[in-house]
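Before any comments, here is the structure.
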Amino acid sequence: MEIYNQIAKLVKENQSFVLATIVKTEGSVPGKIGFKLLYQSTGKISGTVGGGALEKDVITECEKRWMNNISGTKEYLLTDKPSASRKTEDITVVPMMCEGRVWIYFEVFQMSPTVYIFGGGHVGQALSYFLAKLNFRIVLIDNRPEFANIERNPYAHQIVLEDYLRFCQEFQPSPQSFVVVVTHDHQFDYEIVKIIYSRQLNVNYVGVIASTSKAKQLKKQLLSEMGQMFNPENLYTPIGLDLGGSTESDIALSIAAEIQAVFHKKNLVHLRQMGE
């Protein structure tokens, strides 16, 4: 049960890993069907598929499959006979005295891309609802206790009650992350975006809610204050796709659709292009 507890912990913490499981055996082999080895992205190993040269090869295979995000089954021939010391496309020969075969299924679990939502008001709440249906991990940040709670924002995976700017100075998003800025104050919005670009955080997307005129003003001010440190390539403001509608749910749906489009590298009409 220990390995399942570790898997549950890794999933909860949004950590990537590979689970290698013996699914079939023939002849004399060191492991039995159901034996499992857990490979974490940090290199930590738990469990076993029987040890020895087989386990060493399985660990190497886990690392390769984690890097390439490829799940699948691999067959191993365990023998110390020189005539069988070959490696084919379908079978890997492992120099062991066992004289048997092992089939191992490698299951790759990758981290879900994280969306940091600054602002837990109506748009932030609705956006969390839509993103929760997709393969995104939601971190919601708000400086107001009445919004930074599970009752108001039940779809967020993590809720942070903290000063926006302090959090923005300290968080370490991965390059695959998305940032959505929909706070209750335009000054907060501007300062958050300014810190993100001043720290040169390599995130996938920075979306800021704004009208066309305010979006132009925001870009102009950032360029004036930051110069070359500000690269608007990943800045999306006005935020969202041009889907129509003006309610909080309409806006949130257009933002979720834009995030999905950027994640899958789809070339669609973004609202930020409407004022260009």
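If the condition is being closer than 30 Å to Tyr76 by Cα, surrounded by fewer than 16 Cβ atoms within 10 Å (Cβ to Cβ) and charged (D, E, K, R), then the stretch 94-146 contributes Glu99, Glu107.
Checked against the criterion of being in contact with a Cys (Cβ under 7 Å, 6 or more places away or on another chain), crowded, with 18+ Cβ neighbours inside 10 Å and over 22 Å from Gln260 (Cα atoms), the stretch 169-192 has at least one qualifying residue.
Here's the yes/no breakdown for (1) of a type outside the set (Ser, Thr, Tyr); (2) at positive phi:
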| residue | (1), (2) |
| --- | --- |
| Tyr4 | no, no |
| Ala8 | yes, no |
| Arg65 | yes, no |
| Asn69 | yes, yes |
| Glu75 | yes, no |
| Met96 | yes, no |
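If you check Gly244, Gly240 for being in contact (Cβ under 8 Å) with a residue 24 or more places away in the chain and not charged (D, E, K, R), only one passes: Gly240.
What about Ile59, is it assigned by TED's automatic domain parsing to the domain that holds Ser174 and either surrounded by fewer than 19 Cβ atoms within 10 Å (Cβ to Cβ) or assigned to a strand (DSSP E or B) (or both)? In short, no.
A single member of Ser198, Ser177 is among the small types (Gly, Ala, Ser), within 22 Å of Phe167 (Cα to Cα) and in contact with a helix residue (DSSP H, G or I) (Cβ under 8 Å, 6 or more places away or on another chain), and it is Ser198. On the given criteria, is Leu54 in contact with a helix residue (DSSP H, G or I) (Cβ under 7 Å, 6 or more places away or on another chain) and hydrophobic (A, V, I, L, M, F, W, C)? So Leu54 fails the test.
Restricting attention to the stretch 33-55, which residues are without any contact (Cβ under 8 Å) to a residue 12 or more places away in the chain and farther than 25 Å from Asn68 by Cβ? Result: Ile33, single match.
For the stretch 248-268, filtering for residues that are part of a helix (DSSP H, G or I), over 16 Å from Ala215 (Cβ atoms) and under 23 Å from the mean Cα position of the chain (by Cα) leaves 9. Of the residues making up the stretch 8-32, those that are in contact (Cβ under 8 Å) with a residue 60 or more places away in the chain and closer than 30 Å to His157 by Cα are Leu10, Val11, Asn14, Gln15, Ser16, Phe17, Val18, Leu19, Ala20, Thr21. Across the stretch 240-276, which residue is surrounded by the most Cβ atoms within 10 Å (Cβ to Cβ) among those that are within 20 Å of Asn135 (Cα to Cα) and of a type in the set (Val, Ile, Thr)? Here the residue is Ile255.
Selection of the stretch 193-227 for residues being β-branched (Val, Ile, Thr), free of Cβ contacts under 8 Å to residues at least 60 places away in the same chain and buried (at least 20 other Cβ atoms within 10 Å of the Cβ) yields Val193, Ile196, Val206, Val208. Where residues in the stretch 206-247 are part of a helix (DSSP H, G or I) and of a type in the set (Asp, Glu), which of them is modelled with the highest pLDDT? Among them, the one singled out is Glu225. Annotation note: of Thr73, Thr42, the sole residue that is surrounded by fewer than 16 Cβ atoms within 10 Å (Cβ to Cβ) and modelled with pLDDT of 95 or more is Thr73.
With the structure loaded, tell me whether Tyr129 is outside any strand (DSSP E or B) and under 20 Å from the mean Cα position of the chain (by Cα) or whether it fails that test. Yes; evaluated as a whole, the condition is true for this residue.
Going residue by residue through the stretch 62-79, is there one that turns out to be more than 23 Å from Lys9 (Cα to Cα), under 22 Å from the mean Cα position of the chain (by Cα) and assigned to a strand (DSSP E or B)? Yes, that holds for at least one residue. Taken together, the residues in the stretch 1-22 that are part of a loop (DSSP other than H, G, I, E, B) and not charged (D, E, K, R) amount to 4.
The values are calculated or read from the model by the stated rules, or taken from the named source; none is laboratory data. From a predicted model like this one, the values you see are computed outputs, not experimental measurements. Reconstructed Cβ throughout: ideal geometry from the backbone, glycine too, with neighbour counts over all protein chains shown.
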